[in-house]
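> Got a structure here, written out as structure tokens. Questions coming.
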Amino acid sequence: MARAKENFDLFFTFVKLGSVMFGGGYAMIPILERDLVEKKKWINSDELLEIMSVSQMTPGTIAINLATFIGSKRNGIWGGILASLGIIVPSLICVTTLFFLMDSQMSNEYLVKVFTGIRACLAAMILHSVYKLFRAGIKSHIPFLIFLGAIIALLAGLHPIYTILIGGFAGFIWKWMIPHYSNK
């Protein structure tokens, strides 16, 4: 019975999260941190950062990957399935509704202004998430140098996949090959 209650809680927690997560993976970080780290205490901030990192590197959307990881960690395969379904349901309803409204309402000047305001708020949420990720992930000079290298590589046009692979390799070299830097 406790397992069923946990699965019920996972599903509806992620339905709630999915209903307020506009703007994709980065915009949702403050919401996830508040609900999953601070309120539910299902994971800690470092685990959230690690799950976000893995979620970015695996196929699929960050939100679904994150829900699957957390659900699986909390309650096995059924927890992963139900958390994933929970995060999808609100988007499915929203997209289906918007699809039927698109033809008749998307030229409505009030709706256009609403979406303009939403985009501005999403940009602020993403900026806030970048700041929090930076503070959580850059704790010494070597990760900061890897960060700067990644920014330069992306601005120079290097594909994000290659940037991630190079960053992972640089982190591996830093921690494994240069042990005297590991404690700094």
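> Among the numbered criteria (1) crowded, with 16+ Cβ neighbours inside 10 Å; (2) at positive phi, which single criterion is violated by Ile29?
(2)
> Next question. Out of (1) over 17 Å from Leu17 (Cβ atoms); (2) at pLDDT 90 or above; (3) under 18 Å from the mean Cα position of the chain (by Cα), what's the single condition that is false for Ile81?
The one condition Ile81 does not meet is (1).
> Same structure again: Mind checking which pairs have a first residue in segment 8-19 that is within 14 Å of Phe69 (Cβ to Cβ) and without any contact (Cβ under 8 Å) to a residue 40 or more places away in the chain and a second that is β-branched (Val, Ile, Thr) and surrounded by fewer than 23 Cβ atoms within 10 Å (Cβ to Cβ), Cβ under 9 Å, 6 or more apart or different chains?
Partner pairs satisfying both residue conditions: none exist.
> Among the candidates Leu49, Leu10, which residue alone is assigned to a helix (DSSP H, G or I) and under 20 Å from Ile138 (Cβ atoms)?
None of the others qualify; the one that does is Leu49.
> Scan segment 105-118 and tell me whether some residue there is within 21 Å of the chain's Cα centre (by Cα) and under 29 Å from Val15 (Cβ atoms).
Yes, the conditions are met somewhere in segment 105-118.
The values are calculated or read from the model by the stated rules, or taken from the named source; none is laboratory data. It should be emphasised that the depicted structure is a prediction, and the values quoted were computed from it without experimental measurement. Reconstructed Cβ throughout: ideal geometry from the backbone, glycine too, with neighbour counts over all protein chains shown.
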